[in-house]
Each structure stands twice: as structure tokens, then as C-alpha cells.
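Here is the structure we will look at, set down as C-alpha cells.
The values are calculated or read from the model by the stated rules, or taken from the named source; none is laboratory data. Bear in mind that the values here come from a model prediction, so they are computed numbers and not experimental data. We place every Cβ from the backbone using ideal geometry, glycine too, and count neighbours over all the protein chains shown. Heavy atoms of the whole protein, side chains included, go into the accessibility calculation; ligands, DNA and RNA do not. Shrake-Rupley method; radii C 1.70, N 1.55, O 1.52, S 1.80 Å.
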Amino acid sequence: MKYFKNNIRAHFLMLFAMPFLLQSCSDFLEQEPGTKTSITEQLKDKKGVLTALNGVYQNLEGDLRGERFAVYADVQGGNIKFTPSYTGASKGQISIPTNIKDVYSFDDKALASNFSSFYSDGYDIINQVNLILEYTDAVSDATDAEKNQIKAQALTIRAYVHFLLSEIYSQNYGYTNDASHLGIVYNLKSISQGLTYPARETAANTYSLIINDIKASLDLYSNTTLNAGPAYSYFNSNSAKALLARVYLSKKDYKNAYDTANDVIANSGVSLVSSANYISQWEQPDLPISEILLELSVTKSSDGTVNGSLSSYFGYIFDTNYGNYAASQDLVDLYETGDIRKQLFLEKPLSTLVNLQPVNKNYYFTKKFQGNPGYVAFRLSEQYLIRAEASIGLNNPEQAKTDINIIRARSNAAVLTNTNNITEALFLERRKELCFEGHLFFDIARNKKDVSRNDGCISLSCGLTYPSPKYVLPIPQSTLNLNSNLKQNESY
């Protein structure tokens, strides 16, 4: 996956981006174009470690903001359809964007996977944070509190990236009764510690390792300020807990999911955006919505130019300049007339070929990601919906109704008056509230639901029946060729 560099970016140990490849270890970091610095030299002091940590965040932002992952959950689940071409001989034609062509058709290939770079970039980021964890304790000019804060962020990032990889490459936790099905490789050491050829953990072990990393990080966080730039762009104890709540929910550990989400809601100091400000805050071109717990900021060059943002996929500027992705009618039709979230769709008529004739058809662009938006990783609304889903799992539907109604009342939608079909109501509320934020397909899998894409589906396969091996993607064949201990996912 392509991500953007700037001159302050530290990017170490590319090594073809995998921590277990048959390739020699080149001990260097690219710090500026044309210069190389040894890892030992780079990570010997606080400034160097912080430069490396900032580089990790930039790599993480680029990886998650890249087209493949940024649209994956929503396009696979049916929230998204494609817009017509606005230029050249293909004007008015609708086609599947190249970067997701096979994935969208549930026909990704191990030999040439659409997501191969996401896989390698993910493990590259993990390798980078492992290096930071291995060198930080020896830094002599940092206080213990500063070292702990660095390690806390590195541990949380390691857990987060492993979790995202497990969402893509491992069936949901409840796929087998004891979660004994294949998880992912979990790397706890950098490649500088020696080449290894690990097997995939079970899903149960994968989640245990993710949770262990987050819990370890929570023991280390403090109010120490180290990173330059907006605080919301870096992990802290609140966003680490938000991640932990999401992991517990995915594991269907409802008691811990409830308690952790409740902790974030009660103690983070972050409040839900009001009804009056909901639309205007999402429409801000450069600032996140105020209920954000973590937004990975877009990188900018020295002159302030944005190197790329989600608006390149979802944005609308004018009729001859817009992104490839708009909301499906399936999604838009879920909102009641008075629901203010319906105002977050920018309706535009675009020339579309129908039976080889140009016809103006309406398309709905999300206003969440216009301007220069960052990647929304965690915000408070999700925590209310996690608490609601956990409440259902704990046989407390009244609490679930209360939390769903908090979100619905904020949106001026009709509140629930009973708990009938509460599970489906919660699923649909998540779909409406969290659309375009990378949740739907994973929600479908976690709830063991079928995929049904209707409006705008141009694939031969517009749905999946659960269970199916196509709920996960293939491990790239290039990786399997280098590590005989890895097993491929079924059907690939």
C-alpha cells in the first residue's frame, strides 16, 4: 500500500516489510533522502526514539488511510457503491476501482492479492514498534515516566495493528466454539533479534496476546507529554481503553467490553457532540469531531500541503472532480426523514451511462470526509454502542435500549420504546452511526450475518452466506513461499 513520506519521517528496516523473510538485516533507518543512520545511532537518545515513534504514527496513518483498508469494511458490507467516471472515453461508466477489484468480487488471489501491501506494511509497522520497545530502556536522557509513555504507545500500536490484521486474515472469534481456528502471526520481537519462521497463532491466542499488550500499556501511560502536534493524534490511556473495549467486544467477552467502554464513557473527559453541532463538526475541513478519542492526522509537507486524505476517495469538489465512492441507497434508506445524520450526505446528480445513454442519477457523498480529514480510529459514539451490544450479551436489554436511545436522541431519530428485536436495532444503529468509519463488514462477521449488497453492486457475487471462507482474505503467496510454517486460509 502506498503511503506518503516527508523529510522528518523515520522509516526503518524495510526488509521487504516482513519480520520473517529470508533477507539480511540492513541496520539503517532512512531519515532524510540520501542519508542512512544506524538503528543503534538513531535510537540512542530520546530525540531519536521520538522521531522514530512519530515515523511509526505516519506509517500507521498512511496504511489505514490507504484506499484498500479505508473502504474495505463499508464496500464489502454494502454501505458503498461506485461513482461514474467523469473523464475521457469512459465518462459515465461505472467500474470497480483497480485497488479493490478482486476483493470486492470476493475473489482475491493469493498470488496477486489486492491487500498484499497492507499485510506487509502492517508487519513492518509492528517490527518498527518492536525496535522502539527493545531500545527505549537504554535511552539515558529520558526519565522513567518518558520511557514508560513511549513504551505504552508502542505496545498499543503493536496490539492495534495485530488486531486489524486479525480482522482481515482471521475468521471472527466466534467462528469456532473455542476460537481454535487460525489467527495470525503475532510478533513480539524485531527482526534484529534474529530471523524466525513462526506459525499462525490460534484466534484465542491472538486475542490473548492483543489484550496482554493493551493491558501492559495501560500500566505505563501517564500524563507525560512527548509528541508534537495535536494530542488526539496519539494513543493515550483513553484511546487504548477504547481499543480494548473493541477487542473485548470482538471476543464476545461482554463483561469486560461493558466495563471498559463504561470506563471510557464515564472517565475519559470526552463528551458526545450535541445535536446542534453534530453536522457542523463533521463538516470541519481540518479538525476532527470533538468526541474523537483518536484521529490519525494526515501528513503535511513543510509548506503545509496535505500529502493525501480520505477525501480523495469520498470527497466531492464539483461535477468533474469527485471520489470513487458514494453511499449506497441501501444505507441512505435506513435513516428516518428527521434523522439529522441524513444531512451528512451530499446529494449530487452525475451523468451515468444507462443502456449506453447518459442519464443524470443522484449520488450521495458522505460529508464526514471532505476537506483534509484524518483517519477516524476511535470516537465516543462507538463506546456507547459497544456498551449496548455488551449489555445484550449480558442479558440486560434495557441498558442496551438506553444506550441506543442516547445515540438516536442525539440524532433526532425516534427512540426505541421497547426491547423487541434489540439485537437488530443495535446492528442497524451501528451501521448508521459508524458508516464510512470501517466497521460494517466486521460487524456482519461478528454477528454471523449474511452479506447482502443491493444498490450499485456490479460484481457477479453481491452477497455471502455465513459461514464462508470468503469472510477473510488470503495470506499473500510470497509470504507463504518464504515461511513454510504458515498455513493459508481455506479456499485460497
Is it fair to say ALA112 is hydrophobic (A, V, I, L, M, F, W, C), assigned to a helix (DSSP H, G or I) and free of Cβ contacts under 8 Å to residues at least 40 places away in the same chain? no
Pick out, from segment 1-95, the helices (runs of 4 or more DSSP H) lying fully within it that include 3 or more residues that are at pLDDT 95 or above. 46-65, 67-77
Quick check on ILE292: is it open to solvent by less than 30 Å² (accessible area, probe 1.4 Å), closer than 30 Å to LYS151 by Cβ and not polar (S, T, N, Q)? yes
Do you know which of the residues in segment 356-378 that are open to solvent by 50 Å² or more (accessible area, probe 1.4 Å), in contact with a strand residue (DSSP E or B) (Cβ under 8 Å, 6 or more places away or on another chain) and part of a strand (DSSP E or B) is farthest from PHE436 (Cα to Cα)? PRO358
Hey, among ASN177, ASN205, which residue is surrounded by 15 or more Cβ atoms within 10 Å (Cβ to Cβ) and free of Cβ contacts under 8 Å to residues at least 24 places away in the same chain? ASN205
Residue ID - surrounded by the most Cβ atoms within 10 Å (Cβ to Cβ), chosen from residues in segment 113-164 that are in contact with a helix residue (DSSP H, G or I) (Cβ under 7 Å, 6 or more places away or on another chain), small (Gly, Ala, Ser) and farther than 22 Å from ILE184 by Cα: ALA152
Could you give every pair whose Cβ atoms fall below 6 Å, whose first residue belongs to segment 362-389 and is farther than 21 Å from ASP330 by Cα, and whose second residue is among the polar types (S, T, N, Q), counting only separations of at least 6 or pairs across chains? GLN370/SER311; ASN372/SER309; PRO373/SER309; GLY374/SER297; PHE378/SER239; ARG387/ASN262
Return a yes/no flag: does segment 135-150 have any residue that is assigned to a loop (DSSP other than H, G, I, E, B) and under 26 Å from ILE80 (Cβ atoms). no
Could you please find all residues in segment 74-127 being of a type in the set (Gly, Ala, Ser) and within 30 Å of ASN360 (Cβ to Cβ)? GLY77, GLY78, SER85, GLY88, ALA89, SER90, GLY92, SER95, SER105
Collect the residues in segment 451-484 that are among the hydroxyl-bearing types (Ser, Thr, Tyr), in contact with a strand residue (DSSP E or B) (Cβ under 7 Å, 6 or more places away or on another chain) and outside any helix (DSSP H, G or I), keeping them in residue-number order. SER452
Filtering segment 228-275 for residues that are open to solvent by less than 30 Å² (accessible area, probe 1.4 Å), closer than 21 Å to GLN149 by Cα and not in a helix (DSSP H, G or I) leaves a count of 2
Run down LEU464, LEU416, LEU394 and say which single residue is at pLDDT 95 or above and under 25 Å from the mean Cα position of the chain (by Cα). LEU464
Given the criteria open to solvent by 20 Å² or more (accessible area, probe 1.4 Å), over 21 Å from PHE314 (Cβ atoms), part of a helix (DSSP H, G or I) and at pLDDT 95 or above, does LYS448 qualify? no
Qualifying residues in segment 451-481 (those that are buried (at least 16 other Cβ atoms within 10 Å of the Cβ) and among the aliphatic types (A, V, I, L, M)) - the one nearest to VAL247 (Cα to Cα): VAL472
Select from segment 336-355 the residues that are at pLDDT 95 or above, over 22 Å from the mean Cα position of the chain (by Cα), under 19 Å from GLY456 (Cβ atoms) and not in a strand (DSSP E or B) and list them in ascending order. LYS342
Does segment 194-206 contain at least one residue that is farther than 30 Å from THR479 by Cα and in a helix (DSSP H, G or I)? no
Just give me the residues in segment 297-320 being modelled with pLDDT under 95, in a strand (DSSP E or B) and not β-branched (Val, Ile, Thr), in sequence order. LYS300, PHE318
When segment 110-136 is examined, which residues are found to be of a type outside the set (Gly, Ala, Ser) and closer than 17 Å to ASP213 by Cβ? TYR123, ILE125, ILE126, ASN127, GLN128, VAL129, ASN130, LEU131, ILE132, LEU133, GLU134, THR136
So which residues in segment 359-370 are touching a Pro at 6+ places or on another chain (Cβ under 9 Å), over 30 Å from ALA159 (Cα atoms) and either at pLDDT below 95 or of a type outside the set (Ser, Thr, Tyr) (or both), if there are any at all? ASN360, LYS361, ASN362
